[in-house]
Amino acid sequence: MATDKVTIKVMDVVKGTTTNADAMPLYLSMKNALADNKIIVLSLHKATAMSSSFMNSSFGNLVEDYGFETLKGRLKLVDYTPVMLDSVKRYLDNLKKIKHS
Amino acid sequence: MVTLEIDTYNEDTQLFQWFRFVAQNRYPEHSSAGAIGIDVTKTKFLRPFQLATLACLLEEYHQHGIPVRFLYKAKSKSGRHMLNVGLRTVFKDGGFKEKFLDHVKKNSLPVWRLQREYLDTFLSETELFYRNHNLQNKDLTPVRLGLSEALNNVLDHAGSQNGYVLSQYYPNAHTLVVVVCDFGVGIPTRVNEFRKNRNERTLTPAQCIKKALEKGFSTLSAPHNRGWGLDNILSNVNAVNGDLLIVSNKGFLWKQKTKWGVKDEVDNLEFSFPGTFIGIRLNANYFETIDSESGTEIDLF
């Protein structure tokens, strides 16, 4: 069971939060951390708004690789504004609905 | 020279007449013209929806080597506005060369021709501009998200290099208007191409636009598409009590607030618009004030 945490600051890892290509460094960072059996604490400190394309290629790809169940408790968010949190949660809720439909 | 006389169009009652005008005056109609003249001598004012579509129209002529001329009365509002938003500069100088044009007015940004490599910079600059000049202390996530989804839509699906974006803030109405136009394939064409490839029956243009807004539907123009973009634009607009207009090929969707409530229309057109126009009107009164970041860890899954 994973217990060690690693903090990934989104804006340190990516150049932007708009396109699919922008998301790749984040996706790879998260994937590596999960492969190392870490719990990820994702910091949205000063993060710009994340488009659906960006979330597809980061969170969406992670869900494709691992599934919702495996990711439970493995990915935490911190340094978020309410608007940002709402945006990410809405994306994941919609993804869950699509996956289960 | 072929001269296109631009009338004043009321965006509530004459909107589609403008789109028809653009569709009917594309390059193939005037391909033998020595030049295209844009005559705004009788135009009282030009709205963002006109300016962005005009930019795409003029870009088309420019790409075919036909020069553009502007006819306007000295000191006229419409003539000055075309200068302020960069239209006269861009097409007088032979096309969009710069990464970004300098802004002249404090409540509007000049036209920008969509370029993938500068997309993120453009979005950041737009956010910064409106925060510095009009919407201090406001969380502009709805603006950035609406823009990024609309621009990604062009980049992923339009199949065209001809795309323009424009925005303007109306301080008296506390409204920010963002318009994105491309002369690409169009949503109905893409949707029906996708359906044909899967041996599914084709849909009407209106049905195609409705389909494109369904969560999770994607024509997979690019392998990473998952079908959230247009739905996100609509959710974003709803969250800030705004309006959304999509005009594409022979279909449109128009969600707008009226005095009598929300008007939601999806229907077919009698003419075909070349590509896609997305117009977003955001009510700034519904923008949150900038909030501090939370230090509390929260589980995402």
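Using only side-chain charges placed at the Cβ, +1 for Lys and Arg and -1 for Asp and Glu, the dipole size of chain A relative to its Cα centre rounds to 180 debye.
Radius of gyration (Cα atoms) of segment B:82-200, expressed as a multiple of 2.2 N^0.38 Å: 1.20. Dimensions of the protein assembly as shown based on its C-alpha atoms, expressed as ranges along the principal axes with the largest first, amount to 75, 52, 46 Å. Between B:12, B:182, B:120, the Gaussian network model of chain B with springs among Cα atoms under 10 angstrom shows the greatest mean-square fluctuation at B:12. Over segment B:177-301, the alpha carbon radius of gyration divided by the compact-protein estimate 2.2 N^0.38 Å works out to 1.23. Size descriptor for segment B:34-99, Kirkwood hydrodynamic radius: 12.0 Å (Cα pairs only, one decimal). Among the chymotrypsin sites (Phe, Trp or Tyr not before Pro) within segment B:171-271, those in coil by DSSP and having at most 14 neighbouring Cβ atoms inside 10 Å are B:260. Can you list which of the GluC sites (Glu not before Pro) found in segment B:116-209 are DSSP loop residues with at most 14 other C-beta atoms within 10 Å? Filter output for segment B:116-209: B:200. Residues of segment B:282-301 that bury at least 40 Å² of accessible area once all protein chains are present, compared with their chain alone (1.4 Å probe, heavy atoms only, ligands and nucleic acids left out), are B:291, B:293, B:294, B:297, B:298, B:299, B:300, B:301. For segment B:1-144, the percent of C-alpha pairs falling in each 5 Å distance bin, counted from 0 to the bin holding the largest distance, reads 2, 9, 17, 20, 20, 15, 11, 4, 1, 0, 0. For chain A, the alpha carbon positions stretch 35, 33, 26 Å along the principal axes, listed from largest to smallest. Counting Lys and Arg as +1 and Asp and Glu as -1 over every other residue whose Cβ lies under 12 Å from the Cβ of residue B:178, the net charge comes to -1.
Beyond 20 Å in Cα-Cα separation lie the following of the pairs A:46/A:76; B:44/B:263; A:89/B:210; B:215/B:255; B:77/B:255: B:44/B:263; A:89/B:210; B:77/B:255. Sparse packing (at most 12 other Cβ atoms within 10 Å of the Cβ) combined with a DSSP loop state is found for the following trypsin sites (Lys or Arg not before Pro) in segment B:123-205: B:198, B:201.
I need the fraction of alpha carbon pairs in segment A:25-68 separated by more than 11 Å, rounded to a whole percent. It would help to have the intermediate numbers written out before the result.
On the way: 655 of 946 pairs.
Roughly 69 percent, rounded to a whole number.
Computed across chain B, the Kirkwood radius stands at 20.0 Å (inverse of mean 1/r, all Cα pairs).
In chain B, the portion of solvent-accessible area held by carbon and sulfur atoms comes to 45 percent [1.4 Å probe, whole percent, DNA, RNA and ligands not counted]. Under DSSP H, which helices of chain A have Cα atoms covering 15 Å or more of the helix axis and a Kyte-Doolittle average no less than 0.0? Length and hydropathy pass: A:20-35. Counting only protein heavy atoms and a 1.4 Å probe, the protein assembly as shown has 45 square angstrom of accessible area per residue.
The values are calculated or read from the model by the stated rules, or taken from the named source; none is laboratory data. Bear in mind the structure is a predicted one, so any value in this text is a computation, not a measurement. With ideal geometry, Cβ positions are generated from the backbone for all residues, glycine too; neighbour counts draw on all protein chains shown. Ligands, DNA and RNA are excluded from the accessible area calculation, which covers all protein heavy atoms including side chains. Shrake-Rupley method; radii C 1.70, N 1.55, O 1.52, S 1.80 Å.
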